[in-house]
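A.B. asks: Please read through the structure below; I'll follow up with questions.
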Amino acid sequence: MSDLRPLLEDITDRIYREADWGQPAQYIRELAEVDPSQFAICVCTEDGRMISAGLAERRFSIQSVSKVFALMATLGRIGGQLWSRVGREPSGTSFDSVVLLESERGRPRNPFVNAGALVTTDALLSGREPKLALAEVLSLVRAAAEDDDIHMNAKVAKSEERTGSRNKALAHYLASFGNLINPPEMTLGTYFHQCAIEMTTSQLARAGRCLAGFEGAPSVVSTLNVRRVNALMMTCGHYDGSGDFAFQVGLPGKSGVGGGILIIAPKVASIAIWSPGLNDYGNSKAGTRAAALLSQATGWSVF
Ligand code: GLN
């Protein structure tokens, strides 16, 4: 693809013209205040090029996109042991849903719904100080992006800590089934901080190269785990919108309520898109639209 730049500029113009932004996440105050009419896209290709358009150097809260990095860190640390505590099936429910946990005896469907991410973070903690587990996730992200200027925003984490009743309910419910090793408040605090990592769209696209199987990308994850994490992104990365994302875009992706999406075209590109307004599933509305436009124009798809 030699003419990626005009394509990304076209997509950006179109997104601003359509102005169909959706609303930013309302339950985290810091996110609710973000102007929804913003857009950025960045593509890193196998040959080392990085092309972006829109506000690609603006930092945003990566929120649930962090679940991908926390999962890579946890799999690296404890390997397949994680799967005795978390499943690998799509949930068909919203990211913060509690409904399946009762009938499935506290074993969350997958590591990308909040309940599963809480268990994953709990496993990463494995008796350590939260700051050590958080440092591990942050250094993985920095190494993947080859950029140390990536940080956590403690204000965003605190803001979610104040209002995150749903996550607190999930953590305590998991604990009631014996599926949390650490005290629920400790796991929650670690999870909120992990979600509060901020990155630019360019940094996120660069960090995704390790999942695209590029030769020469920083080796922060094994080849086997690259395949597995991508499979989970494809089937579970957009919650109850995962089927529709696969239908529209045809590539593994992981969204966050900060409006970010990381998308992988294996062996071809690592793509990051950001637009803070959300659709009904809690995924970036304009971001999802842009991802569909990009995959249609390039033909990039795993199918
Ligand atoms: N921190 C957010 C939460 O737990 C992350 C959710 C998301 O990005 N989908 O609610």
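A.B. asks: Residues being in contact (Cβ under 8 Å) with a residue 40 or more places away in the chain and surrounded by fewer than 22 Cβ atoms within 10 Å (Cβ to Cβ): count how many of those fall in segment 165-178.
C.D. replies: 6
Every residue, every condition in (1) closer than 22 Å to P108 by Cβ; (2) not aliphatic (A, V, I, L, M), yes or no:
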site	(1), (2)
L180	yes, no
L188	yes, no
F192	yes, yes
G213	no, yes
A217	no, no
V220	no, no
T223	no, yes
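A.B. asks: May I ask you to list the residues in segment 132-175 that are outside any helix (DSSP H, G or I), within 19 Å of P218 (Cβ to Cβ) and either in contact with a Lys or Arg (Cβ under 8 Å, 6 or more places away or on another chain) or within 13 Å of the ligand (Cβ to nearest atom) (or both)?
C.D. replies: The answer is E146, D147, D148, I150.
A.B. asks: Residues in segment 176-200 that are away from the ligand (no atom under 16 Å from the Cβ) and within 21 Å of the chain's Cα centre (by Cα): how many?
C.D. replies: Total satisfying the criteria: 1.
A.B. asks: Looking at segment 267-286, is at least one residue part of a loop (DSSP other than H, G, I, E, B), touching a Ser or Thr at 6+ places or on another chain (Cβ under 6 Å), among the hydroxyl-bearing types (S, T, Y) and touching a residue at least 12 places away in the same chain (Cβ under 8 Å)?
C.D. replies: Looking through segment 267-286, at least one residue is part of a loop (DSSP other than H, G, I, E, B), touching a Ser or Thr at 6+ places or on another chain (Cβ under 6 Å), among the hydroxyl-bearing types (S, T, Y) and touching a residue at least 12 places away in the same chain (Cβ under 8 Å).
A.B. asks: Follow-up. For segment 63-82, enumerate the residues that are within 16 Å of the ligand (Cβ to nearest atom) and within 15 Å of A144 (Cα to Cα).
C.D. replies: Selection gives V65, S66, K67, V68, F69, A70, L71.
A.B. asks: Collect the residues in segment 1-17 that are modelled with pLDDT of 95 or more and surrounded by fewer than 18 Cβ atoms within 10 Å (Cβ to Cβ), keeping them in residue-number order.
C.D. replies: Correct list: R5, P6, E9, D10, D13, R14, Y16, R17.
A.B. asks: Same structure again: Just checking, does segment 292-299 include any residue being among the small types (G, A, S), in contact (Cβ under 8 Å) with a residue 12 or more places away in the chain and either out of contact with any helix residue (DSSP H, G or I) (no Cβ under 6 Å at 6 or more places or on another chain) or outside any helix (DSSP H, G or I) (or both)?
C.D. replies: Within segment 292-299, none of the residues are among the small types (G, A, S), in contact (Cβ under 8 Å) with a residue 12 or more places away in the chain and either out of contact with any helix residue (DSSP H, G or I) (no Cβ under 6 Å at 6 or more places or on another chain) or outside any helix (DSSP H, G or I) (or both).
A.B. asks: I've got another one for you. What number of residues in segment 29-51 are out of contact with any Lys or Arg (no Cβ under 9 Å at 6 or more places or on another chain) and buried (at least 18 other Cβ atoms within 10 Å of the Cβ)?
C.D. replies: Counting residues in segment 29-51 that are out of contact with any Lys or Arg (no Cβ under 9 Å at 6 or more places or on another chain) and buried (at least 18 other Cβ atoms within 10 Å of the Cβ) gives 4.
A.B. asks: What tally of residues in segment 253-303 results from selecting those that are under 11 Å from the mean Cα position of the chain (by Cα) and more than 16 Å from the ligand (Cβ to nearest atom)?
C.D. replies: Of the residues in segment 253-303, 0 are under 11 Å from the mean Cα position of the chain (by Cα) and more than 16 Å from the ligand (Cβ to nearest atom).
The values are calculated or read from the model by the stated rules, or taken from the named source; none is laboratory data. Since this is a predicted model, take the numbers as computed values, not measurements. Note: ideal-geometry Cβ built from the backbone for every residue, glycine included; neighbour counts use all protein chains shown.
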